[in-house]
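Contents: one structure, followed by commentary.
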Amino acid sequence: MMNLLRTMAKAIFAPILYRYPPIGLQPSELGIYLQELLNRSQVPGDVAEIGCSVGGTACLASALVRKYAPSKHYICYDTFRGFVQEQMNADILRGTPGGVRHSYADNSYQLVRKILDLHHCQEVRLVAGDITKIPEDQLSDRYSVVLLDVDLSEPTYVGLQRIYPRLSDGGIILVDDCRQDPGQRWKAHLGYQRFCDERGLRPRMHYGFGVIEK
């Protein structure tokens, strides 16, 4: 009930609370993502965020795509209601603190749509669902740039399994939260490492991102 009330309050006061795009990425990571959008503007395929929080990054990034690669679609995949608890439980056993269990639970499809529309990003497509289960027909045939930011190991691993075969030659996937410093609470790096090991890919870390290129 409390999450619902918070979500309703955010929606009501969105023009005030979100008058500036609510960016969740660290500045270095945001800069890298935006630069890759420009670098890969000529690579065919859509742009996707998998795990978009409240859409702040999409507000900025979709503007670049709109200007420099207007033929591409910008798509955000998210549950829009926080973590899948079975996936969270598995990572709590791996050391993720239980206190983050309900992070992002006070979100909704309607709130993110409202924030995007406030910033004139009506063209951004939202797809609600867990990336491990989203129907195939909701995925693009090809992607040029993908930001995979789902925090947990299982959706990171399965997300890579589903997206990598659709990555265009010259495309890139940036997996967030792969920094393995003492303060890292998320286990996305485990899913990234597992995928790389199984595919025979060499893991490459860049300012907190796990990078996969074709």
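The values are calculated or read from the model by the stated rules, or taken from the named source; none is laboratory data. Fair warning: this is a prediction, and the values are worked out from it, not measured in the lab. Ideal geometry is used to build each Cβ from the backbone, glycine not excepted, and the neighbour counts take in all protein chains shown.
Within region 22-37, is there a residue that is assigned to a strand (DSSP E or B) and either modelled with pLDDT under 90 or hydrophobic (A, V, I, L, M, F, W, C) (or both)?
We begin by selecting, within region 22-37, every residue assigned to a strand (DSSP E or B); these are none.
Within region 22-37, not a single residue is assigned to a strand (DSSP E or B) and either modelled with pLDDT under 90 or hydrophobic (A, V, I, L, M, F, W, C) (or both).
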Practice problem: Please identify the pairs in which a residue from region 152-165 that is without any contact (Cβ under 8 Å) to a residue 40 or more places away in the chain has its Cβ atom under 7 Å from the Cβ atom of a residue that is in a helix (DSSP H, G or I) and not charged (D, E, K, R), counting only partners at least 6 apart or on another chain. | Solution: THR156/ALA188; THR156/GLY191; THR156/TYR192; TYR157/GLY191; TYR157/PHE195; GLN161/PHE195
Quiz prompt | Pick from region 168-201, criterion in contact with a Cys (Cβ under 7 Å, 6 or more places away or on another chain) and not hydroxyl-bearing (Ser, Thr, Tyr), ranking: surrounded by the fewest Cβ atoms within 10 Å (Cβ to Cβ) | solution = HIS189
Practice problem: Count, please, the residues in region 132-151 that happen to be under 20 Å from GLN87 (Cβ atoms) and surrounded by 24 or more Cβ atoms within 10 Å (Cβ to Cβ). | Solution: 5
Quiz item: Any residue in region 64-78 that is closer than 19 Å to ARG142 by Cα and free of Cβ contacts under 8 Å to residues at least 24 places away in the same chain?
Solution: yes
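Could you list, in sequence order, the residues of region 166-179 that are over 14 Å from the mean Cα position of the chain (by Cα) and not in a strand (DSSP E or B)?
Just the residues of region 166-179 that are over 14 Å from the mean Cα position of the chain (by Cα), to begin with: 166-171, 179.
Correct list: ARG166, ARG179.
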